[in-house]
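The values are calculated or read from the model by the stated rules, or taken from the named source; none is laboratory data. Computed from a predicted model, the values in this text were never measured in an experiment. Here Cβ is always computed from backbone atoms with ideal geometry, including for glycine, and neighbour counts include all displayed protein chains. These accessible areas exclude ligands, DNA and RNA; they are computed on the full protein's heavy atoms, side chains included. Shrake-Rupley method; radii C 1.70, N 1.55, O 1.52, S 1.80 Å.
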Amino acid sequence: MKAPERYYDFQKDISGCGIFGVIHKKKGLIKGEIPIKAMACMHDRGNGLGGGFAAYGIYPDHADKYAFHLMCDDQAGLDAAEEVLKRYFTIHASEPIPTRRVLSVKNPPVVWRFFLSVKREKPQDLREVFDEKDYVVSVVMKINTGVPGAFVFSSGKNMGAFKGVGFPEDMAEFYRLDEYSAYIWTGHNRFPTNTPGWWGGAHPFTLLDWSIVHNGEISSYGINRRFLCEHSYICTLMTDTEVVAYLLDLLIRKHGLSKDLAAKVFAPPFWDEIARMSDEDKELYTTLRAVYGPAMLNGPFAILVADNTGLMGLNDRIKLRPLLVAEKDDMVFMSSEESAVRLVCPKLDSVWMPKAGEPVIVNLEA
Amino acid sequence: MLFQPINKNYHDYRIERDKDLCINCKVCIRQCAYEAHFWDEARQKVRHDNTKCVGCHRCEALCPTGALCIRLNESEFRPNACWRPIFMKNIYKQADTGGVLLAGMGSPVDIPVYWDNLLLDASQVTNPSIDPLREPMELKTFLGSKPDRVEFAAPAKGKKGKPKLTTKLAPQIELNYPIMFSAMSFGSINFNLHVAMARAATELGICYNTGEGGLHKSLYKYGKNTIVQVASGRFGVHAEYLNAGAGIEIKIGQGAKPGIGGHLPGEKINEKVSETRMIPVGSDAISPAPHHDIYSIEDLHQLIFALKEASRYRVPVSVKIAAVHNVAAIASGIVRAGADIVAIDGMRGGTGAAPAMIRDNVGIPIELAIAAVDQRLRDEGIRNRASIIAAGGTRCSADVVKAIALGADACYIGTAALLAVGCTLCGKCYTGKCPWGIATNDSKLSKRQNPDIAARKMANLIRAWGHEIEEMLGGMGLNSIESLRGNRDKLRAVGLSSTEMDILGVKHAGR
């Protein structure tokens with residue numbers, strides 16, 4: 001699509017971070033206190049300007065509904081957003097997200113959740129959007145860019161993001177995450193250097209079922225966002241992580257790449273490695289790099305990507321940010337620091353540092 | 001000196017000869033192709049005629065005792081902001097000759113050089129800079145059309161295995177550096193330099209462009225690193241030629257002279273040029289202003305596919321245009337017409353000969369053109385269908401980096417390559433008397449260029465720039481050139497208006 005006027009004139013947020021993820025391959029439920037304790041252990045990786053969690057498998061009663069989490073400046077913002085939702089969706093449930101008052105969490109927004117399904121009779125303006133997921137994304141964009149004071153920060157099925165301004169343990173307290181159990185958890189502690197805290201700017205960043213926690217700075221952001229604009233994704237959130245989410249959506253959902261190949265687009269093998277590959281792989285990776293060069297994520301990063309099928313961890317191709325993987329029975333941990341894993345699970349079957357650019361993909365069984 | 005014609009009175013240079021140092025060895029006489037130095041039989045010493053000096057500095061460089069110094073003629077007219085000396089001198093010349101003012105090399109006029117107003121970024125603290133001496137740093141570049149997406153066939157039902165790649169990449173030119181030697185025809189520069197460019201390009205793993213003068217048969221062996229050009233004169237174009245290189249370029253225009261053709265004077269057409277261009281010795285080689293089979297974009301479409309047919313779709317086809325006012329729309333049309341590469345030549349691009357009025361007044365700077373074209377192609381969702389090459393006025397590796405950050409895939413360098421072999425930008429290429437042995441086919445002069453040395457210098461230049469580009473990339477926290485391409489966030493402007501920044505798509509420094 002045509003780039004909006006002055007699309008080049010953007011401010012981007014810069015931050016360092018701590019990340020943690022855990023998955024139970026057999027969908028066994030993991031209590032919220034595990035990721036909370038692990039994130040609290042990495043307290044010093046953030047500065048209190050952003051923390052959050054994503055949890056999968058938390059809404060079994062509404063598993064087939066889109067769970068929208070909204071944060072709104074005030075009741076008027078929520079009302080306006082609800083109007084939009086009513087137009088495009090059937091609302092099956094609408095309730096405040098349970099919270100506690102926490103001293104250190106100042107001026108929290110109104111947080112609300114809706115369980116939605118797409119209306120059979122789509123409104124005129126989105127009637128031509130046949131793909132259901134495209135439809136959902138369009139409505140999310142409509143609210144996030146068109147409804148002042150309202151922001152959808154989670155929109156997947158049987159999953160949810162919980163985030164805001166504060167240390168992750170404060171956010172966990174605020175959202176009462178100790179009361180949830182999930183088969184995948186990711187957590188994030190943020191150290192932004194230049195933005196005033198904005199609740200929507202915290203991680204995890206989500207789109208549909210995708211949730212991403214990210215430690216790093218994407219130096220290729222400038223071209224990534226222009227490439228995404230060509231594919232009709234407009235980056236508005238002033239954060240690197242947004243491009244990761246949109247790129248995953250583009251590469252995996254729209255272009256049909258596997259997670260592994262998408263990881264190879266983000267952190268491609270070097271040309272001298274490609275030169276040593278078999279002819280078949282040489283052609284594959286040359287083609288991938290030639291076509292998706294603008295989607296490469298350059299700069300230091302460690303990311304955890306979760307969706308309803310599993311958890312993936314990935315480093316940049318010269319491993320400029322820490323990422324560790326550990327296994328215990330059916331659980332796999334991914335973390336910035338080993339201490340966080342050891343705290344919640346002292347006896348591990350194995351612990352290793354994945355190689356630069358080599359994705360670690362853990363899929364849920366059945 | 002009233003007995004001289006008026007234009008001789010106001011010559012540009014003065015030759016200073018240190019009498020104590022000069023040993024009358026006559027080297028300057030032999031070196032000067034313009035006969036500015038001469039032997040005075042009566043006085044038994046070397047003397048000179050300042051009016052003939054073109055300021056090429058050849059004599060100064062070769063004087064064994066360092067007795068010579070070429071200076072601007074200090075003689076000054078009454079200051080006048082409007083009637084600057086160049087305009088006055090031009091009028092004197094034209095009053096004498098009644099002719100069109102000719103000029104060589106890129107335009108020296110004082111239009112903004114936007115490169116100088118763009119500054120690059122570097123990493124500090126929040127992301128680590130990368131040291132290219134310790135970490136891999138990738139400059140490899142592929143020129144050619146890329147598909148919208150990569151497609152795979154899933155493995156057959158019940159079978160395990162990786163999905164199989166079904167996308168076949170269109171033909172690409174693979175470059176080890178995002179830099180190529182620009183089109184300089186055999187004829188406009190001599191054979192020795194074509195040999196040098198071919199060898200340097202081969203050694204470096206880049207390409208050089210033949211220009212419109214055909215390809216001498218002894219250079220076919222460098223075909224993998226050659227882009228063969230097809231221009232309006234169609235000199236030296238035949239089936240074998242079209243299949244000799246790694247790419248074919250249709251030259252529509254040139255930055256130094258948009259909208260007009262070319263003229264290689266008969267004096268430059270020697271045996272070798274004649275056989276390569278397929279024209280008689282001594283005849284003028286005139287390229288018409290338009291291709292007489294391209295009067296519209298649909299004609300270009302036909303020529304692009306005629307050339308693809310002729311080369312059996314083995315190589316990408318490039319279309320080179322001068323940067324003119326509507327360059328973005330034109331480039332879009334060219335991509336839609338099937339070009340795999342669009343080369344854009346800015347108004348500071350070099351030339352062997354161009355009318356001075358055209359060179360100095362027609363076209364737009366390459367920085368604005370690249371920015372506009374890249375943005376337009378992205379807006380239309382066709383940026384991936386063609387690569388963009390920036391040409392015209394690339395002076396250093398930082399210019400290359402800035403061009404790529406604005407959106408170019410690679411840069412063509414012409415003037416810089418000639419400077420590497422000794423050119424001093426005196427701008428008299430059209431005389432055919434280049435004392436440095438570059439823009440001349442006079443065997444006495446052209447032998448001043450040794451192909452081995454010239455190839456080494458050209459290769460050195462690109463390697464040096466390559467190192468610098470790696471340093472700049474690493475400083476920005478990038479380790480691959482594709483993450484810089486179109487990454488305008490790495491640029492900031494200083495001293496530009498908001499309109500200029502809007503066109504360039506960059507923010508002002510400090511923001």
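Just a few scattered comments:
- Qualifying residues in segment A:240-290 (those that are among the hydroxyl-bearing types (Ser, Thr, Tyr) and away from every other protein chain (no Cβ under 11 Å)) - the one surrounded by the fewest Cβ atoms within 10 Å (Cβ to Cβ): A:278
- Test result for residue A:130, free of Cβ contacts under 8 Å to residues at least 24 places away in the same chain and closer than 29 Å to residue A:252 by Cα: yes
- Lone unmet requirement of (1) among the hydrophobic types (A, V, I, L, M, F, W, C); (2) farther than 29 Å from residue B:99 by Cα; (3) part of a loop (DSSP other than H, G, I, E, B) for residue B:347: (2)
- Any hit, segment A:307-329, residues being within 30 Å of residue A:63 (Cβ to Cβ), assigned to a helix (DSSP H, G or I) and more than 14 Å from chain B (Cβ to nearest Cβ): no
- Subset of segment A:1-38 (residues that are in contact with a Phe, Trp or Tyr (Cβ under 7 Å, 6 or more places away or on another chain) and within 14 Å of chain B (Cβ to nearest Cβ)): A:12, A:15, A:16, A:17
- Looking across segment B:130-169, the residues that are within 8 Å of chain A (Cβ to nearest Cβ), part of a loop (DSSP other than H, G, I, E, B), free of Cβ contacts under 8 Å to residues at least 60 places away in the same chain and not acidic (Asp, Glu) come down to B:149, B:150, B:163, B:167, B:169.
- Identity of the residue in segment B:375-420, within 27 Å of residue A:231 (Cα to Cα) and assigned to a loop (DSSP other than H, G, I, E, B), that ends up nearest to the other protein chains (Cβ to nearest Cβ): B:381
- Where residue B:334 falls short, out of the listed (1) out of contact with any Leu (no Cβ under 9 Å at 6 or more places or on another chain); (2) among the aliphatic types (A, V, I, L, M); (3) open to solvent by less than 10 Å² (accessible area, probe 1.4 Å): (1)
- Condition check for residue B:1: more than 25 Å from residue B:444 (Cβ to Cβ), open to solvent by 80 Å² or more (accessible area, probe 1.4 Å) and at pLDDT below 95: yes
- Scanning segment B:212-269 for residues that are in a loop (DSSP other than H, G, I, E, B), closer than 13 Å to residue B:311 by Cβ and among the small types (Gly, Ala, Ser) yields a count of 3.
- Residue within segment B:81-98 that is surrounded by 15 or more Cβ atoms within 10 Å (Cβ to Cβ) and part of a loop (DSSP other than H, G, I, E, B) present: no
- Qualifying positions in segment A:309-330 - of a type outside the set (Gly, Ala, Ser) and open to solvent by less than 40 Å² (accessible area, probe 1.4 Å): A:311, A:312, A:314, A:315, A:316, A:317, A:318, A:321, A:323, A:324, A:325
- Within segment A:137-172, the only residue that satisfies the criterion of being charged (D, E, K, R), within 15 Å of residue A:203 (Cβ to Cβ) and part of a strand (DSSP E or B) is A:163.
- Residue match in segment B:190-213 (condition: surrounded by fewer than 24 Cβ atoms within 10 Å (Cβ to Cβ), within 19 Å of the chain's Cα centre (by Cα) and without any contact (Cβ under 8 Å) to a residue 24 or more places away in the chain): yes
- Residues (open to solvent by less than 30 Å² (accessible area, probe 1.4 Å), more than 17 Å from residue B:336 (Cβ to Cβ) and of a type in the set (A, V, I, L, M)) located in segment B:283-316: B:285, B:315
- Breaking point among (1) of a type outside the set (S, T, N, Q); (2) open to solvent by less than 30 Å² (accessible area, probe 1.4 Å); (3) in a loop (DSSP other than H, G, I, E, B), for residue B:115: (3)
- Segment B:312-340 - residue that is part of a helix (DSSP H, G or I) and not aliphatic (A, V, I, L, M) and, of those, farthest from residue B:258 (Cα to Cα): B:336
- Test: residue in segment A:47-60 that is over 24 Å from residue B:123 (Cα atoms), more than 14 Å from chain B (Cβ to nearest Cβ) and open to solvent by 40 Å² or more (accessible area, probe 1.4 Å): yes
- Of residues in segment B:473-508 being β-branched (Val, Ile, Thr) and either on the phi > 0 side of the Ramachandran plot or open to solvent by 10 Å² or more (accessible area, probe 1.4 Å) (or both), the one farthest from the other protein chains (Cβ to nearest Cβ): B:494
- Residue within segment B:171-183 that is within 25 Å of residue B:284 (Cα to Cα) and crowded, with 24+ Cβ neighbours inside 10 Å present: yes
- Flag if residue A:297 is at pLDDT 95 or above, open to solvent by less than 10 Å² (accessible area, probe 1.4 Å) and under 15 Å from residue A:19 (Cα atoms): no
- Number of the exception - residue B:440 against (1) more than 11 Å from chain A (Cβ to nearest Cβ); (2) farther than 21 Å from residue B:180 by Cβ; (3) open to solvent by 10 Å² or more (accessible area, probe 1.4 Å); (4) among the polar types (S, T, N, Q): (3)
- In segment A:344-364, the count of residues that are in contact with a Cys (Cβ under 7 Å, 6 or more places away or on another chain), modelled with pLDDT of 95 or more, among the small types (Gly, Ala, Ser) and open to solvent by 20 Å² or more (accessible area, probe 1.4 Å) is zero.
- Pairs meeting the criteria (first residue in segment A:58-77 and under 15 Å from residue A:112 (Cα atoms), second residue of a type in the set (Ser, Thr, Tyr) and not in a loop (DSSP other than H, G, I, E, B), beta carbons under 8 Å, at least 6 apart or on different chains) are A:66/A:117; A:67/A:154; A:68/A:154; A:69/A:154.
- Taking the criterion of being open to solvent by 20 Å² or more (accessible area, probe 1.4 Å) and either out of contact with any Phe, Trp or Tyr (no Cβ under 9 Å at 6 or more places or on another chain) or in a helix (DSSP H, G or I) (or both), the residues of segment A:211-238 that qualify are A:226, A:230, A:232.
This table checks each residue for (1) within 19 Å of residue A:209 (Cα to Cα); (2) part of a strand (DSSP E or B); (3) among the small types (Gly, Ala, Ser); (4) out of contact with any helix residue (DSSP H, G or I) (no Cβ under 8 Å at 6 or more places or on another chain).
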site: A:20; (1), (2), (3), (4): yes, yes, no, no
site: A:23; (1), (2), (3), (4): yes, yes, no, yes
site: A:27; (1), (2), (3), (4): yes, no, no, yes
site: A:38; (1), (2), (3), (4): no, no, yes, no
site: A:52; (1), (2), (3), (4): yes, yes, yes, no
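Quick grid of which residues meet (1) open to solvent by 30 Å² or more (accessible area, probe 1.4 Å); (2) among the β-branched types (Val, Ile, Thr); (3) under 20 Å from the mean Cα position of the chain (by Cα):
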| position | (1), (2), (3) |
| --- | --- |
| A:2 | yes, no, no |
| A:28 | no, no, no |
| A:39 | no, no, yes |
| A:76 | yes, no, no |
| A:84 | no, yes, no |
| A:110 | yes, yes, no |
